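The block underneath contains the structure these notes are about, expressed in structure tokens.
Read the figures in this text as sums done on the coordinates, not as results from a lab. Note that this is a predicted model, so its numbers are computed, not measured. Here the Cβ positions follow ideal geometry from the backbone for every residue, glycine too, while neighbour counts run over all protein chains shown.
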Amino acid sequence: MDNGVENPAFIADDKPSVQQKPYQPEKKETIEQEFEEGPCGWGNFTPKCLQCCNNAKGYLVFYSLLGIIQGTLVNGLVNINITTIEKRYNLNSFTTGLISTGYDMAFSVLSLFISYHGQKGHKPRWLAFSAFMLGLGSLVFCLPHFTSGLYNYGAELRDTCALLHSNASMPTCTPSTRSKSSIFLFVFLLGQLLHGVGGTPLYTLGTAHIDDSVSNEKSSLYIGIGNGMSVLGPAFGYVIGGQLLDIYIDFNRISNIPLMPDDPRWLGAWWIGFLLCWILAWCLIIPLTCFPKHLPGTAMIQRQKISQAHNYRSANDLTQHNFGGSFKDFLSVLLMLLRNPVFMALVVAGTSEALVITGFVTFMPKFIENQFGLTASLAAILGGAVLIPGAFIGQIVGGLIISKLKLQCRNVMKMAVVTCIVSLFCAFVFIFARCSNQPFAGVTQDYNLSSTEKKFDLLAPCNEECHCIRSHYNPVCGVDHVQYFSACYAGCTNTSVIEMYQNCSCIQPAGNKFSAREGKCGSTCNMMPLFMGFFLLAVIFTFMTGTPITIAVLRCVPDKQRSFALGIQWLFVRILGTIPGPILFGTVIDISCVLWNEDACGQKGACWTYDNLKMASLITAIGTSSKLISVIAIIAAFFLYRPPQLREEPEQMPNGPASEWGIEAEGQE
């Protein structure tokens, strides 16, 4: 083509074979054959306008865009909409935690096979497959909204004591509602499984492709930038998703409703964000397929790299020429890498870090909402304002420090230990900056304040004749600064036009014109600025630990097995970290629940109120335990690590002495 670049893969070779030339070193031939380079394009269509992207920076841009979409879906929109999904489909925190782990389940099943099979394949096209599956999963995840009918927020909203007897919306026991919710649960889980299929190539093959294409000095910076940009995904998820929660869930079918976003029965349009991500993910498919198998200059970079792989018994076998090239070597390579003690210690550290990270990311908005008495939308925005910048700064700074100081494998581990210890001490903010529960009649204190028993009940002599609806949580705040489950449970018989309730038999009069106002009582705790500050530091140093661990994993294994090593690491991270993380945190949060929603059949649904002090203590116990495991594992990897021993070679290898080729000449790629 006149306006394109010739692709060597599509040029007919009519010349005599060059293989009859005198023998050349096997190392050079192997590198040039394995790292086959080419122009950007599709087949023999390689326009010049695309060649400006045919470099590591161009690849990093699209890798980062895909990471942003993945983060927006999995770590942003799913997490911020957990509370809304719980209320809409009457699910508890354990069940929604199970939904969150669907991504990790698929990732765990596929990580080994994709990372092993794809490490010698066309990695950019694997990322195109990733974009397709992420978009498909996003589309499936929002299907329950279009198949579940309209959201029923109830008929008589201000259920005062006098009006309740004529309320036509008295709930009846309908067990079929629970079975329908179970169907939607499986749809959500399917969507997350598809997300997991799409995310698997991104953080195994995609990361290894960056390490292949740039030098060791730049690799940590590029990986840090890529991971840092992927953290912006949750930022978009939290910020945009938080704004979408202020739009009514059925706005596309109902134009006017008598609800406001601060009403506890309000549910936001959680599904819009998933539709947007579906479109954006599929827009990346075509650009990703244009990249060549290896970027220009990859072979030269690989010739100049010096291996830092841990020197242990099986290291020589892993570096043998062509070993691990076929799928029949899968189990052998897997067992050899599992015998690498440094690699396994780093895997343990990464797993414990992932457990605490996913737990906090999933339920931090709920923690902030209950600790400081905020709305779900505001709590999600504040949580994102701390988690996202902190994670972004940590990833970038971690990679920048390693790159600028040119840290080798052992010093990278030292850095990981220091940052992990700092984040451990910052995590104690959950203990000294926690807030006590606001007074809640029938939940945290007795109605008459004279009872010494610890068992409280919403029913009291002042409201027992009202026959209040237990399944409709519509809190009011009395003039006595005590919160009540609803105006009915406060014994209120009249309501004014400005959302104020009068003649409340359960509230002591205080000379006001009204006895209670609609909504929760404002929190008097002033610990939120202190909590946010220290938690931001904890997030920064936690993610500063993640980049050194990833770099150390890539360095302590032979170059040919980097993709597979990442696959093994992510397998353990998912099975022992990100899968049990949300479930463990969700179970702990459920344990601290003091007021469950109960339907007419007596079955528990979502939790309305939690014991703040108990929740903070249990979360601190999990977080500090995980951090201690990380510190011990990284220290163990540091002391177990043995740098490679260079072989003395009398003759010079191509482009330099044998020492430039790594551990052993015949063991290099």
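Observations, loosely collected:
- R0 of 30 Å, Cβ-Cβ distance residue 218-residue 113: FRET efficiency to nearest 0.05: 0.50
- Residue 329 paired with residue 503, simple spin-label distance in nm, labels 7 Å along Cα-to-beta-carbon: 8.6 nm
- Separation of the range 461-477 from the range 432-446 is 19 Å, based on Cα centroids.
- Length available on full extension from residue 385 to residue 527: 0.36 nm per residue minus the Cα-Cα distance, which gives 49.4 nm.
- Of 87/604; 414/627; 48/404, those spanning more than 23 Å from alpha-carbon to alpha-carbon: 48/404
- Gained length - residue 276 relative to residue 143, 0.36 nm times residue gap less alpha-carbon distance: 46.5 nm
- Options 374, 396, 426, ranked by Cα towards positive dipole end of the range 333-444, top entry (Cβ charges): 396
- Test item: Cα-centred dipole of the range 351-499, Lys/Arg +1 and Asp/Glu -1 on Cβ, debye: 1220 debye
- Residue among 72, 124, 108 farthest towards the positive dipole end of the range 47-139, charges placed on Cβ: 124
- Gain in span if fully extended, residue 594 to residue 414, counting 0.36 nm per residue against the direct Cα distance: 60.4 nm
- The range 102-122-the range 367-417 distance, computed between alpha-carbon centres (Å): 26 Å
- Calculated FRET efficiency, residue 259 to residue 436, Cβ-Cβ distance, R0 = 30 Å: about 0.50 to the nearest 0.05.
- For the range 535-562 and the range 265-298, distance of Cα centres in Å: 25 Å
- In nm, spacing of pseudo-spin labels at residue 42 and residue 632 (7 Å Cα→C-beta vector): 5.4 nm
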